[in-house]
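Worksheet: the structure to be examined is printed underneath.
The values are calculated or read from the model by the stated rules, or taken from the named source; none is laboratory data. Quantities reported herein were computed from a predicted structural model and do not represent experimental measurements. Ideal geometry is used to build each Cβ from the backbone, glycine not excepted, and the neighbour counts take in all protein chains shown.
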Amino acid sequence: MADKLLLEDVRFYGQHGLTKAEQTVGAWFSVDAELALDLGPAALSDDLGAAVDYGAVARRIVEIGTGQRVNLIERLAGLMVDALLREFPAHEVRVRVRKLTPPLHGLVGTPAVELVRRR
């Protein structure tokens, strides 16, 4: 199946990380999510009841991102990908988590991880 629901650049502020600065000051995070599922019924009916509400997906990402503090963005991505796969009718979920403003001296670039899980 080639149908996918895509959400790009869902942002939230969180205090995830190992350092005191990351845990105290926090950082902005950006998440891309890709859910592979059958979009045919929604495409034919034009009915939200036949679709996955992307607002609900975005709210779940933000809820997880602003909830329990974790040390690693790998763990944060894991919590998100597992929840999306469990709570929405996708047969595959891909999540990319980027830490946009890491308070680390000398860092060039944006650290990110991507996880993919299937049923």
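Tabulated results
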quantity	calculated
Ala2 assigned to a helix (DSSP H, G or I) and aliphatic (A, V, I, L, M)	no
Residues satisfying the stated conditions in segment 10-68, i.e. surrounded by 12 or more Cβ atoms within 10 Å (Cβ to Cβ) and among the basic types (Lys, Arg)	Arg11, Arg59, Arg60
Residue check, Leu115 in a helix (DSSP H, G or I), among the hydrophobic types (A, V, I, L, M, F, W, C) and over 23 Å from Ala21 (Cα atoms)	no
Only one of Phe29, Phe88 that is of a type in the set (Phe, Trp, Tyr) and farther than 26 Å from Asp3 by Cα	Phe29
Hits in segment 19-59 - residues which are more than 17 Å from Ala77 (Cα to Cα), at pLDDT 95 or above and among the polar types (S, T, N, Q)	Ser45
Checking Val108 against (1) in contact (Cβ under 8 Å) with a residue 12 or more places away in the chain; (2) in a loop (DSSP other than H, G, I, E, B); (3) among the aliphatic types (A, V, I, L, M); (4) more than 21 Å from Leu5 (Cβ to Cβ), the condition it does not meet	(1)
